[in-house]
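Here's the structure, in structure tokens; my notes come after.
The values are calculated or read from the model by the stated rules, or taken from the named source; none is laboratory data. The model shown is predicted, which means the values in this text are computed figures rather than measured ones. Methodologically, a virtual Cβ is constructed for each residue, glycine included, from the backbone with ideal geometry; neighbour enumeration extends over all protein chains shown. Just so you know, the surface numbers come from the protein's heavy atoms only, side chains and all, with ligands and any DNA or RNA stripped out. Shrake-Rupley method; radii C 1.70, N 1.55, O 1.52, S 1.80 Å.
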Amino acid sequence: MTRTRHAIPLILSALTLFAGPAGAEDASAPKDNITAVRSENGRYYTADDVPTFNIAKDGTVDWMTYSGFRRYHSECHVCHGPEGEGSSYAPALKNSAINLDYYAFLEVVTNGRKKVNVAEHSVMPAFGENANVMCYLDDIYTYLKARGSGALPRGRPAKKEAKSDEIRDAEKSCLGSN
């Protein structure tokens, strides 16, 4: 279990480094950071293979977004406010998943960020050692993306897709409970 938790930040940092220009936003051609173009074992992805949400016309959300709601409210809302709306203590995150590159989002959550100057004092702690965040980071990202796009209203999603066996197995492996 400890080995898995310590490997996650290293893997994410390596992905961020190797993503380089491919992970950066291209100002000349805005990319669709929202639309799911494919699904795989209960996970949805954009054309750039970035995790995204899927909400059916009847309001049923994909498992990852539902899980992201739960994980966000377990770990993130204390500082960033309910529903990703922000607080007097920390900024809103619901737009970060829309405007911030996916790999930059992973980098900030994994390694933290500090902005301290005359105009601001902002400290985001590193969550790279927190399995309750790192094992569900894509879930949190898709939840915030759904909130930021306006596709998901405030509150607990009423309907959700079933959790796939693949998601269940990945969760057990990440948490070290295999």
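General remarks:
- Y45 contributes an accessible area of around 40 Å² to the protein surface, as traced by a 1.4 Å probe with all chains present.
- Using a Förster distance of 30 Å, the FRET efficiency for A131-K159 (Cβ separation, nearest 0.05): 0.60
- For segment 32-157, the share of accessible area belonging to carbon and sulfur comes to 49 percent (1.4 Å probe, ligands and nucleic acids excluded).
- List V78, V108, V37, ordered by accessible area with a 1.4 Å probe, largest first: V78, V37, V108
- Cα-only radius of gyration and Dmax that characterise segment 58-178, units Å: 14.7, 50
- R168 - accessible surface, heavy atoms, 1.4 Å probe, Å² rounded to 10: 90
- D101 paired with D49, simple spin-label distance in nm, labels 7 Å along Cα-to-beta-carbon: 1.6
- For segment 82-178, the per residue solvent-accessible surface stands at 53 Å², with DNA, RNA and ligands left out and a 1.4 Å probe.
- Cα Rg, Dmax (largest Cα-Cα span) when computed across segment 139-178, Å: 13.1, 37
- Within the assembled protein chains, the solvent-accessible surface assigned to S96 is about 30 Å², based on a 1.4 Å probe.
- Lysines whose Cα lies under 20 Å from that of K31, excluding same-chain neighbours fewer than 8 positions away: K94, K145
- For segment 94-143, taking the reciprocal of the average inverse distance between every pair of different Cα atoms yields a Kirkwood hydrodynamic radius of 11.7 Å.
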